[in-house]
Amino acid sequence: MYATVSHWEFEKFTDEMSEEAETKILPMLKKLGALNAYAIQTGDHTSMVVTIYPSKEVCNGAMAKIAEVRSEAGDTFSMTMVKAEQGSVVAQM
């Protein structure tokens, strides 16, 4: 398995942000081949998205669309992506 993690900052977390993640962004990630995807509010002004893919190849195939969605989400909700990381899942429960 292979994972991506994006870290975000924003002025205020809104219900609209949560709804957009649940109804549009996470289902789109699933359509691109993700096994699971999670939007996690980590603080009053921060969040992260963790996405699990079956392989690095599937993830790489989805990256162009993911970059587009990240840009749109940033513009729509005045969010800034602080950093993005990806790598092999080395343990699971």
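The values are calculated or read from the model by the stated rules, or taken from the named source; none is laboratory data. All values reported here derive from a predicted model rather than from experimental measurement. Because the Cβ atoms are built from the backbone with ideal geometry, glycine has one as well, and the counts that use them run over all protein chains shown. Only protein heavy atoms, including side chains, enter the accessible area calculation; ligands, DNA and RNA are left aside. Shrake-Rupley method; radii C 1.70, N 1.55, O 1.52, S 1.80 Å.
Count, please, the residues in the stretch 73-93 that happen to be within 12 Å of the chain's Cα centre (by Cα) and surrounded by 13 or more Cβ atoms within 10 Å (Cβ to Cβ). Residues meeting the conditions: 5.
From the residues in the stretch 1-13 that are under 15 Å from G74 (Cα atoms) and in contact (Cβ under 8 Å) with a residue 40 or more places away in the chain, which one is farthest from the chain's Cα centre (by Cα)?
The residue in question is E11.
Checked against the criterion of being assigned to a loop (DSSP other than H, G, I, E, B), buried (at least 16 other Cβ atoms within 10 Å of the Cβ) and either under 13 Å from the mean Cα position of the chain (by Cα) or hydroxyl-bearing (S, T, Y) (or both), the stretch 14-33 contains one or more residues that satisfy it. Condition first: small (G, A, S), touching a strand residue (DSSP E or B) at 6+ places or on another chain (Cβ under 7 Å) and either modelled with pLDDT of 90 or more or over 22 Å from Q86 (Cβ atoms) (or both). Now tell me which residues in the stretch 1-35 satisfy that. Passing the criteria: A3, S6, G33, A34. Residue count for the stretch 34-44, restricted to those that are among the aliphatic types (A, V, I, L, M), open to solvent by 50 Å² or more (accessible area, probe 1.4 Å), part of a strand (DSSP E or B) and in contact (Cβ under 8 Å) with a residue 12 or more places away in the chain: 1. Within the stretch 1-13, the residues that satisfy the criterion of being within 13 Å of C59 (Cβ to Cβ) and either assigned to a strand (DSSP E or B) or not hydrophobic (A, V, I, L, M, F, W, C) (or both) are Y2, A3, T4, V5, S6.
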